[in-house]
1. Filter segment B:152-189 down to the residues that are over 16 Å from B:Ile75 (Cα atoms), surrounded by fewer than 16 Cβ atoms within 10 Å (Cβ to Cβ) and more than 11 Å from chain A (Cβ to nearest Cβ) and list them by number.
2. Mind counting the residues in segment B:67-76 that are buried (at least 20 other Cβ atoms within 10 Å of the Cβ) and without any contact (Cβ under 8 Å) to a residue 40 or more places away in the chain?
3. Filter segment B:104-123 for residues that are more than 7 Å from chain A (Cβ to nearest Cβ) and buried (at least 18 other Cβ atoms within 10 Å of the Cβ) and give the result.
4. Restricting to segment B:159-180, count the residues that are outside any strand (DSSP E or B) and of a type outside the set (Asp, Glu).
5. Checking B:Lys93 against (1) without any contact (Cβ under 8 Å) to a residue 40 or more places away in the chain; (2) of a type outside the set (Gly, Ala, Ser); (3) buried (at least 18 other Cβ atoms within 10 Å of the Cβ), which test does it fail?
6. Looking at A:Val46, A:Val39, A:Val5, A:Val30, which is the one that is at pLDDT below 90 and either more than 7 Å from every other protein chain (Cβ to nearest Cβ) or buried (at least 16 other Cβ atoms within 10 Å of the Cβ) (or both)?
7. Within segment B:196-224, take every residue that is of a type outside the set (Gly, Ala, Ser) and modelled with pLDDT under 95 and give me the one that is farthest from the chain's Cα centre (by Cα).
8. Criterion first (surrounded by fewer than 19 Cβ atoms within 10 Å (Cβ to Cβ), over 30 Å from B:Tyr127 (Cα atoms) and charged (D, E, K, R)) does B:Asp222 satisfy it?
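The values are calculated or read from the model by the stated rules, or taken from the named source; none is laboratory data. These numbers come from a predicted model, not from an experiment. Neighbour counts are summed over all protein chains in view; Cβ atoms, including those assigned to glycine, are modelled from backbone coordinates with ideal geometry.
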Amino acid sequence: MFKTVKTYNPPRVLQETEVQLERDFLGGSVVENLNEAGVYTMSQDVEEIDMETENFNFKWE
Amino acid sequence: MALKRTMQAACLLALACGMLAGCKKDGGEKANVQFSAATKADATRTAYSGEGQTSASGSLVKERIDWVVDDAITILSDKAVNMTTGEKWGDYKILTVAANGVRSKATLKPVDVNSLQWGEEGTYKFYARYPADATKLTETSMTATIPATQQMKKDENDKWVPDMDNAFMFATATATNTKDPVELDFYPEFTALQFEIGAGGNGEAKISSFTLTSTSDPLAGDFSVACATGAASTASTTKTLSMDVTNRSDAGVLVIKAGDEPSTVTLFALPTDFTNLTLTVVGQPFGTRTLKLADKNGNMIAFTGGKKYWIKGLNLPELLEATGEDINWDVEARGESIYWD
């Protein structure tokens, strides 16, 4: 014998919880792989030009 | 009982506030984060470290560019999906920073709740841009704009530093296994021209205009970087690059005093090769002077896109009061007024 129970709609589940479930289903967050390896800036090649040396033509006009 | 009701009411109120805040945040992020250039300017930017790899003679040959916490980047993928937005890209912020030799290493935190997620097994490609709000990124290219007029900025220590808003960087990575680490290496996509300027003689010089012009190649404007090769290209015709020095003092001029440490002016140019450069400086008391950037044989210096050039020894022409020799040149030839403090 089934009994009908009146209920109300509960508040929406917090978004974090919903997404967590989807994340587990999909295979995980890419940020974890990124942080495991690191995000790097590559250095910039530097070249000095010393206009006061004889290698350059330092002449204001 | 009364206490229980009070707690229930408080919980409901907190829940309602949380839901309202959540709705506002979701809507705002979806509206703001786009792949076109945005007008919002993040306060945080990368910074030149002044450190890196030196040559046997002690000269800096590779300079590290440091991440700053809360710097914003965008990552685009061909397969990974942002579970918050449903798009194939996500915004991230720099969470931690550590110097690592000539490189700056960072970890990330997603701006969205969950951001990019792995899907089915297979090869994934990732493309990343910096700054997040000043570039346009697709699976084929990153595009950005080097402004023709630039300013330097003050850092938190009240020191004048280059405007790193224009220090664009780009990275790619490929993952063949969703369990593997994914390393993003950001390469500079700009050419830096750092001028060290001193004042010859005695007294001081006041620079009101500082302009670099090429007779053959573009220096500023739109450019793109091909995702497949990392090669930069441009169709720009802007061959002039200027430093607006009006923010350098109340008088709107860059003041350089003889005997002081040279002042530094750093311009960012396109990440493509250029040559035939002439520097034009306008100021007092020397008027308008030009300097061709050439070697000792008169051959114009060729600049390679993507590098940083540290141009030293640029003392301004002797000041009038120091030598007196320039008075005829300035007054008679050009009819300009003489300036004294």
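1. The answer is B:Lys153, B:Lys154, B:Asp155, B:Glu156, B:Asn157, B:Asp158, B:Lys159, B:Thr176.
2. 1
3. B:Val111, B:Asp112
4. Step one: filter segment B:159-180 for residues outside any strand (DSSP E or B), giving B:159, B:162-168, B:176-180.
In the following step, the residues that additionally are of a type outside the set (Asp, Glu) were identified as B:159, B:162, B:164, B:166-168, B:176-179.
Matching residues across segment B:159-180 total 10.
5. For B:Lys93, the failing item is (3).
6. Working: A:Val46 fails: at pLDDT below 90; A:Val39 fails: at pLDDT below 90; A:Val30 fails: at pLDDT below 90.
Every option except A:Val5 fails the conditions.
7. Initial filter on segment B:196-224 (of a type outside the set (Gly, Ala, Ser)): B:196-197, B:202, B:204, B:206-207, B:210-213, B:215, B:217-219, B:222-223.
Okay, now just the ones that are also modelled with pLDDT under 95, so B:196-197, B:202, B:204, B:206-207, B:210.
Numbers: B:Glu196: 18, B:Ile197: 21, B:Asn202: 34, B:Glu204: 30, B:Lys206: 26, B:Ile207: 23, B:Phe210: 19 Å.
Restricting to residues being of a type outside the set (Gly, Ala, Ser) and modelled with pLDDT under 95, the top hit is B:Asn202.
8. Numbers: surrounded by fewer than 19 Cβ atoms within 10 Å (Cβ to Cβ): yes; over 30 Å from B:Tyr127 (Cα atoms): no; charged (D, E, K, R): yes.
Criteria not met by B:Asp222.
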